[in-house]
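Written below as structure tokens is the structure these notes are about.
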Amino acid sequence: MKKKVLSVLLVAAMAMSMLAGCGSKPAENDAQSAASSEASKETEAAAETTASAEDETLTVWCWDATFNIPAMEEAEKIYKEILTNEPRNAQVLNLLGLVKISQNNLDEAEKLITEALSIKKDAYFYENLARVYEYKKDYETEIKVLEKACKEVNCGFEIYFILALAYKKNIEYEKAEKAYARGASDCRGTGGL
């Protein structure tokens, strides 16, 4: 009986410690608490703005705005620093382009990812460039980028599914069906589906 009680207490203690680790830490002072509360209100307002002006707003959903936004800013700083020493680092150019997408700076993202592609042809880079055009609602260019990716690099099923969605948005249903089928056949061929 003692072992069962001890086991239950240990499990409860472990669960409580895990839950405590997932919670937010107490504010060090009232000003910090107010800033945290204000950030939460801004996040909620951003969600409402996105719902009402979906065509013009790109929202980056963060688990914790006090962590993720500074992390994106720090990543941008690091990527720029790397590029001062290695200006033709395609991977870093692409990653900086993703940061720019998260900041809704789509023109700069397009420039950076296009530059990355001029250095190295990569399916992931094409996918990210296509995402820029999707967010710009330029579906024809998005399609051209994805079709070029299918011709120039070894694309996985993801590119074909994204291409199918782009065709669908552009009301090209037969092409969408073919792209879905191609993606599904690639997936089956690699042990996927």
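The values are calculated or read from the model by the stated rules, or taken from the named source; none is laboratory data. It should be emphasised that the depicted structure is a prediction, and the values quoted were computed from it without experimental measurement. So basically every Cβ, Gly included, is an ideal-geometry build from the backbone, and we count neighbours across all protein chains shown. What goes into the accessible areas is simple: the full protein's heavy atoms, side chains included, and nothing from ligands, DNA or RNA. Shrake-Rupley method; radii C 1.70, N 1.55, O 1.52, S 1.80 Å.
Before moving on, here are some points about what is shown:
- Which numbered condition ALA164 misses (of (1) outside any loop (DSSP other than H, G, I, E, B); (2) open to solvent by 10 Å² or more (accessible area, probe 1.4 Å); (3) not polar (S, T, N, Q)): (2)
- Among the residues of the stretch 102-128, those that are within 14 Å of the chain's Cα centre (by Cα) and open to solvent by less than 10 Å² (accessible area, probe 1.4 Å) comprise ALA109, PHE125, ASN128.
- Consider the stretch 82-99 and keep the residues that are open to solvent by 20 Å² or more (accessible area, probe 1.4 Å) and part of a helix (DSSP H, G or I). The one that is farthest from GLU142 (Cα to Cα) is ASN85.
- Filter pass, ILE113 being within 21 Å of GLU73 (Cα to Cα), touching a Gly at 6+ places or on another chain (Cβ under 9 Å) and of a type outside the set (D, E, K, R): yes
- The residues on offer are CYS155, CYS187, and the sole one that is of a type outside the set (Gly, Ala, Ser), at pLDDT below 95 and within 22 Å of the chain's Cα centre (by Cα) is CYS155.
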